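The values are calculated or read from the model by the stated rules, or taken from the named source; none is laboratory data. Predicted model only: the values in this text are computed from it and were never measured. Reconstructed Cβ throughout: ideal geometry from the backbone, glycine too, with neighbour counts over all protein chains shown. Note: accessible area is taken over every heavy atom of the protein model, side chains too, but ligands, DNA and RNA are not part of it. Shrake-Rupley method; radii C 1.70, N 1.55, O 1.52, S 1.80 Å.
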Amino acid sequence: MADSAKGVSAGFIAKNVQKKINRAQEKVLQKLGKADETKDEQFEQCVQNFNRQLTEGTKLQKDLRAYLTAVKAMHEATKKLSELLEEIYEPDWVGREVVHSISESGDLLWTDYHQKLVDQALLTLDTYLGQFPDIKTRIAKRGRKLVDYDSARHHYESLQGAKKKDDGKIAKPVSLLEKAAPQWCQGKLVAHIVAQSNLLRNQAEEEFLKAQKVFEEINIDLQEELPSLWNSRVGFYVNTFQSIAGLEETFHKEMGKLNQNFTNILNQLEQQHVNKALPVKGTPSTPAQPEVSNVSAPLEESPPGSPTVKNDNHVPVAVSPTPHAPPPIPKSPSQTVGQENISEVAGKAEISTGSVALEIQAEPKCEVVENENEAETPAVTTKNVIPNVVVETSAESTNGAVYDTVPTEESELPPGFQFKVRALHDYNATDTDELNLKTGDVVLVVTYENPEEQDEGWLMGIKELDWIQKKDLKTSRRVFPENFTERIQ
């Protein structure tokens, strides 16, 4: 049994080796042009379409797997984000349980979406591509059988063409045998040679017919199957992308509802904490300053009978800023000069609370006018003389500063006008929605578009010069600290 099995396997191997040799020989002859090749242009076009269809399907499968990987990664990222939200969401905040429910529902939606994509798109695509390897193997087999068919056909045709030559070869030895062999042997020898030639031709014809039959069976099946497979691609692509689009549409609709519910919860949370301190855009980041009392330091007592001095400079009070409060007022040079003037006249006269006339001359001088009718405290008038300019300031003035203002008619006032203010100090804006102020600037105060946006200690306005020149309230209005200004109208 072992010897017979070895003999069969050895014969099978020898047969396969002989087939490969014959195929290689036939291909060489075809390439050299010494043997014709059977061609089918229609089938070759079907093979090209098959290769193209296989390439497109493989690329689609690769991209769909990448899409599923991205969906899974997005699911994991969303899950982590939801877990973080639940972690930072404090127990006393509104809607904590709803937030937890939304997080769980979102997790289920992502899981269901991924699973349906696998079932309805990826598995269908895998099944569609599963038929290509078998067809590809059959196409390769058809190519080999075509070479065998051509080889058998050429061998049979060569034997048919060499029949006359074989007859001549047979007659020549017969003439020799006539001389050397007896008469009775010559007929048998000729019959043997003829029988052997016929056997070779019969075997060649049999092999040719067998190779032709095998080739035609495979060829006919592929000729019917390849065009059908090529036409099926349209329906497959339509079904696949319709499934993906439908699943994605359903997923985003459900996810949109969850996001709307989540937005509502956040709005409720905002309303719950609307009155609590929150950072406000545009608040100057000025360092806190110690609170200064509005009560000025007491002056030294004057000798009996001497005039008393009264301080009415109205120095603005610096208040420590809060997150919603305007910045503190810087100390101006005029305040320092005012304090020095008070020290010089202390013990001699009392500064009147009425208007003080200042005349500008080359050298300042101070005149004290005593009122003879008042025996106890004579009135004092202080005059600073500088050439060609005379400015009168009241008790509420800004320490004698001179400002240029441009009158504005009532008809030219901007919409929402409330009143005018004048800047007492310089203010450098710390944000794009704040107004730069220089001492003496006149600002037209207007109302906020949304009163809820107004912060305590801040006003909305436009510089009077900007309004007169541009008449553009929308682009020129800004917010500014109220305590840096004084109301003048």
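Here is the figure for the stretch 210-253: residues that are open to solvent by 90 Å² or more (accessible area, probe 1.4 Å), touching a residue at least 40 places away in the same chain (Cβ under 8 Å) and more than 49 Å from the chain's Cα centre (by Cα) total 1.
Of the residues in the stretch 111-124, at least one is modelled with pLDDT of 95 or more, part of a helix (DSSP H, G or I) and in contact with a Phe, Trp or Tyr (Cβ under 6 Å, 6 or more places away or on another chain). Within the stretch 80-91, identify whether any single residue is open to solvent by 70 Å² or more (accessible area, probe 1.4 Å), under 30 Å from residue 244 (Cα atoms) and of a type outside the set (A, V, I, L, M, F, W, C), and answer yes or no. There is at least one residue in the stretch 80-91 that is open to solvent by 70 Å² or more (accessible area, probe 1.4 Å), under 30 Å from residue 244 (Cα atoms) and of a type outside the set (A, V, I, L, M, F, W, C). Contact annotation: residue pairs with Cβ atoms under 6 Å, 6 or more positions apart or on different chains, pairing a residue in the stretch 112-126 that is touching a residue at least 40 places away in the same chain (Cβ under 8 Å) with a partner that is assigned to a helix (DSSP H, G or I) and small (Gly, Ala, Ser), are 120/243; 121/243. Scanning the stretch 122-152 for residues that are open to solvent by 40 Å² or more (accessible area, probe 1.4 Å) and of a type in the set (A, V, I, L, M, F, W, C), we see that the one that is farthest from residue 22 (Cα to Cα) is 123. Selection of the stretch 448-485 for residues being closer than 25 Å to residue 412 by Cβ, assigned to a loop (DSSP other than H, G, I, E, B) and open to solvent by less than 60 Å² (accessible area, probe 1.4 Å) yields 448, 472, 477. Against the test of being under 55 Å from the mean Cα position of the chain (by Cα), closer than 15 Å to residue 144 by Cβ and assigned to a helix (DSSP H, G or I), the options 43, 50 yield a single qualifying residue, 43.
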